[in-house]
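Student: First the structure, which I've put down as structure tokens, then a few questions once you've had a look.
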Amino acid sequence: MAILLDFFPSLVLASQSVARKRLLQEMGLEVSIEPTQCDESHQEGDPAKAVHLLAKRKLQAYLSTHAKVAVPILTCDTLVWCDGKLIGKPSCRQEAKEQLLLFSNKSQEVHSGWALWFNNRVYDGVDSATVLFKDLDEQQIERYLDLGEWEGAAGSYRIQERGKELVSKVEGDLNTVIGLPLLQISEILACDCAR
């Protein structure tokens, strides 16, 4: 598998996500954080379409406020779909608890959309993974919430941290669950550059 470092040594991540930044840095990339402040509201009921739309909107917002762009720009968005509900970041601890109670002993779909400006061109896509949660009781959930990992996390957990202890199985790219479909992005860039 090609990695992003094969295509460029550095990029701007237009996101506040520490997890995304860490993934990119672990690949050897120099990462600058410059989050966009664009509107993330939408009426889209399909989670894959919603994250795709939001990632592209964030990229357009970044490009519209930066006249000259010299390095690649990456934007992302992640949402969870469970029991017919679209789930984003919780606004408070109680909402985080409700989300985790909903996930207990169930499968959920995690959808991560992305958009990349590179070589005067926009690449974009969306990837999905399925996460099966363990049967959780309220005490387990409260102990997890005490860690604070729920803050700013779609679905109220971070699978790359202690949140993995809540999960019994992941089907698909783990990085998609973290919020950055590295496998898909690398494959698309590799196919395009091979032409």
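The values are calculated or read from the model by the stated rules, or taken from the named source; none is laboratory data. Note that the coordinates shown come from a computational prediction; the quantities given were computed from them, not determined experimentally. Cβ: placed from backbone, ideal geometry, glycine included. Neighbour counts: every protein chain shown.
Student: Picking from LEU101, LEU132, which residue would you name as being surrounded by fewer than 23 Cβ atoms within 10 Å (Cβ to Cβ) and in a helix (DSSP H, G or I)?
Tutor: LEU101
Student: Same structure again: Please state which one of ASP77, ASP135, ASP124 is under 14 Å from the mean Cα position of the chain (by Cα), charged (D, E, K, R) and at pLDDT 95 or above.
Tutor: Just one listed residue meets the conditions, ASP124.
Student: Need pairs with beta-carbon distance below 9 Å; first residue farther than 15 Å from LEU101 by Cα and within the range 130-152, second β-branched (Val, Ile, Thr); sequence gap 6+ or separate chains.
Tutor: THR130/VAL110; THR130/VAL170; GLY152/VAL18
Student: Could you check the range 104-121 and list, in sequence order, the residues that are assigned to a loop (DSSP other than H, G, I, E, B) and either out of contact with any Phe, Trp or Tyr (no Cβ under 7 Å at 6 or more places or on another chain) or modelled with pLDDT under 95 (or both)?
Tutor: Across the range 104-121, the qualifying residues are ASN119, ASN120.
Student: Out of all the residues in the range 19-48, which are among the hydroxyl-bearing types (Ser, Thr, Tyr) and in contact with a Lys or Arg (Cβ under 9 Å, 6 or more places away or on another chain)?
Tutor: THR36
Student: Go through the range 49-93 and give me each residue that's closer than 19 Å to SER156 by Cα and in a helix (DSSP H, G or I).
Tutor: ALA50, VAL51, ARG93, listed by residue number.
Student: Another one. Can you pull out the residues in the range 96-127 that are in contact (Cβ under 8 Å) with a residue 24 or more places away in the chain, over 30 Å from TYR62 (Cα atoms) and touching a Lys or Arg at 6+ places or on another chain (Cβ under 8 Å)?
Tutor: SER104, ASN105
Student: Just give me the residues in the range 29-48 being out of contact with any His (no Cβ under 6 Å at 6 or more places or on another chain) and outside any loop (DSSP other than H, G, I, E, B), in sequence order. If you could, list the steps in order and put the result at the bottom.
Tutor: Here is the first cut: in the range 29-48, the residues out of contact with any His (no Cβ under 6 Å at 6 or more places or on another chain) are 29-46.
Hits for the range 29-48 are GLU30, VAL31, SER32, ILE33.
Student: Which of the residues spanning the range 33-73 are more than 27 Å from TRP150 (Cβ to Cβ) and among the polar types (S, T, N, Q)?
Tutor: Across the range 33-73, the qualifying residues are GLN60, SER64, THR65.
Student: Checking the conditions here, which among LEU189, LEU180 is of a type outside the set (Gly, Ala, Ser), part of a loop (DSSP other than H, G, I, E, B) and within 27 Å of PHE118 (Cβ to Cβ)?
Tutor: Criteria check complete, one pass: LEU180.
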